[in-house]
Structures are given as C-alpha cells and as structure tokens.
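The structure is given below, and queries will be raised subsequently.
None of the figures in this text is laboratory data; all of them are computed from the coordinates on show. Just so we're clear, the structure is a prediction, and the values are computed from it rather than from any experiment. Positions of Cβ are generated from backbone atoms using ideal geometry, with glycine treated the same way; all protein chains shown enter the neighbour counts.
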Amino acid sequence: MSKITTEIIKKGEDKFLQVNMGEDVFYLPFKLIAGKWVGFLDISGQHALIEASADMLVEALEAAGAEFDTILNPVSKSNALAHAIAVRWSKKHPELTHTVVARKSSEGASKVQATYRSVTTNHDQILSLTDDDAEYIKGKKVLMVDDVFGGGGTTKALRALVAAAGAEVACHAVIGVEQGANFPEDLFYLYELPILD
C-alpha cells in the first residue's frame, strides 16, 4: 500500500494534523469533541481527500483478499467515500452493482432500524434501511464504510442493521480512527486521529 505518514504541526497559534498520502498532503484541524482535542476529519466536499482515501482503502482491501457483495454506509458524510470505493471495486468485481445507505429516521418508520449515539452528538439517533434495501442485502456479504471510527456507536448500529436484514458483515473500512479507540479486528483504516491534552 502507498505510504501514509502523519505529524502534528503548528500554523500560527493553531495545531493541525498533517497527513501525507503518497504525493497528496492534507491538513486536519484539531477540534474540541466530548471534552477532548481531536484531529478532526470532515470529508464533506473534500474530493481530493476522498479520492486518495478510496484508492488506498481499495488497495488495502484487495491486498487482504476481502470479499463483499455490496456496501453499506450511514447517511450522508460517507456517501461520497462509499461511492468512490464502489467505483474502484466494481472495475475488478463487476458483481458489485448497488450500494445501500442507512438513513436517519424516526422510531417505527422502518422495520429494520437501530438506535445509536455518535461521538459528535449527545442524543440517541435512529438509523434504518428501507424495506427494499433490507431485502436487497439479505444473504449478502456487506462492506461497511464510514469516514471515522471513534466510540463505535455508529458501527454497532450498522452491524445491527446488517444482522436484522439477514446479511453478514464482511469487513469495515474507514479513513481514520480516533487514537485509543477499541476497534474491531475486521476494521481497515488509513491513519490514527490523535488526541491532545
């Protein structure tokens, strides 16, 4: 896999995580989340970061011999990443023709739903699959995709949706993991997001 390095740098009074991905360089700010200063990854609109990350994640998945039939991601920040991975994966695996998005919904809005709390929210939320999407993934091996793995709340909800739909989690891919996070063995990630004192 292409080499990725990170280092904490200062620009003026602010600290950033400099991420070197091959020839690409990205600067992630530190933000206060749940009382901790964390290297903050927001991929919204960051097309160069999304494309470079998708290249490297697909490279890692292929090197590990990953096998999956479809991709599931939570709405909406990770939509572009899931799409970029699907485009690359389907070139060698044309059976991947469709991806699925877990949507935020209200209690009882769908037969297949799970409650979760992410590190960036302080209240419970509900993720759900439409009936058509739940039927589509039934019996399939699923790659879960998200931008960051932190406390694991979103991941647990995605796993619950996959199980409720009668599918199987093949593996999970994210760009970054929060430093010190207790992540599952099937998680593929590119770099750690440090936490400052």
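Go through PHE30, PHE40, PHE26 for me and flag whichever is touching a helix residue (DSSP H, G or I) at 6+ places or on another chain (Cβ under 7 Å) and within 29 Å of LEU196 (Cβ to Cβ).
Selected residue: PHE26, the only one of PHE30, PHE40, PHE26 that is touching a helix residue (DSSP H, G or I) at 6+ places or on another chain (Cβ under 7 Å) and within 29 Å of LEU196 (Cβ to Cβ).
Now for a separate question. Scan the stretch 152-167 for residues that are of a type outside the set (Lys, Arg) and within 17 Å of the chain's Cα centre (by Cα) and jot them down.
Correct list: GLY152, GLY153, THR154, THR155, ALA157, LEU158, ALA160, LEU161, VAL162.
Using the structure shown, decide if ILE71 is among the β-branched types (Val, Ile, Thr), assigned to a loop (DSSP other than H, G, I, E, B) and buried (at least 17 other Cβ atoms within 10 Å of the Cβ).
no
Whether any residue in the stretch 83-100 is in contact (Cβ under 8 Å) with a residue 60 or more places away in the chain and either assigned to a helix (DSSP H, G or I) or under 30 Å from GLU7 (Cβ atoms) (or both) is what I want to check.
Checked the stretch 83-100: at least one residue is in contact (Cβ under 8 Å) with a residue 60 or more places away in the chain and either assigned to a helix (DSSP H, G or I) or under 30 Å from GLU7 (Cβ atoms) (or both).
Quick test for you: out of VAL145, VAL177, VAL169, VAL162, pick the one residue that is closer than 21 Å to ALA80 by Cα and in contact with a Ser or Thr (Cβ under 8 Å, 6 or more places away or on another chain). Break it down into steps so the answer makes sense when it comes.
Working: VAL177 fails: in contact with a Ser or Thr (Cβ under 8 Å, 6 or more places away or on another chain); VAL169 fails: in contact with a Ser or Thr (Cβ under 8 Å, 6 or more places away or on another chain); VAL162 fails: in contact with a Ser or Thr (Cβ under 8 Å, 6 or more places away or on another chain).
Answer to the selection: VAL145.
Tell me the residue from ALA66, ALA60 that is among the small types (Gly, Ala, Ser), assigned to a loop (DSSP other than H, G, I, E, B) and in contact (Cβ under 8 Å) with a residue 60 or more places away in the chain, please.
So the residue among ALA66, ALA60 that is among the small types (Gly, Ala, Ser), assigned to a loop (DSSP other than H, G, I, E, B) and in contact (Cβ under 8 Å) with a residue 60 or more places away in the chain is ALA66.
Among the residues of the stretch 148-156, is there at least one that is buried (at least 19 other Cβ atoms within 10 Å of the Cβ), over 22 Å from GLN113 (Cα atoms) and not small (Gly, Ala, Ser)?
No, because not a single residue in the stretch 148-156 is buried (at least 19 other Cβ atoms within 10 Å of the Cβ), over 22 Å from GLN113 (Cα atoms) and not small (Gly, Ala, Ser).
Output yes when any residue across the stretch 115-128 is under 18 Å from GLY166 (Cβ atoms) and either in contact (Cβ under 8 Å) with a residue 12 or more places away in the chain or part of a strand (DSSP E or B) (or both), and no when none is. Steps first, answer last, please.
Looking only at the stretch 115-128, we keep the residues that are under 18 Å from GLY166 (Cβ atoms), and these are 127-128.
When the remaining residues are screened for being either in contact (Cβ under 8 Å) with a residue 12 or more places away in the chain or part of a strand (DSSP E or B) (or both), the result is 127-128.
Within the stretch 115-128, one or more residues are under 18 Å from GLY166 (Cβ atoms) and either in contact (Cβ under 8 Å) with a residue 12 or more places away in the chain or part of a strand (DSSP E or B) (or both).
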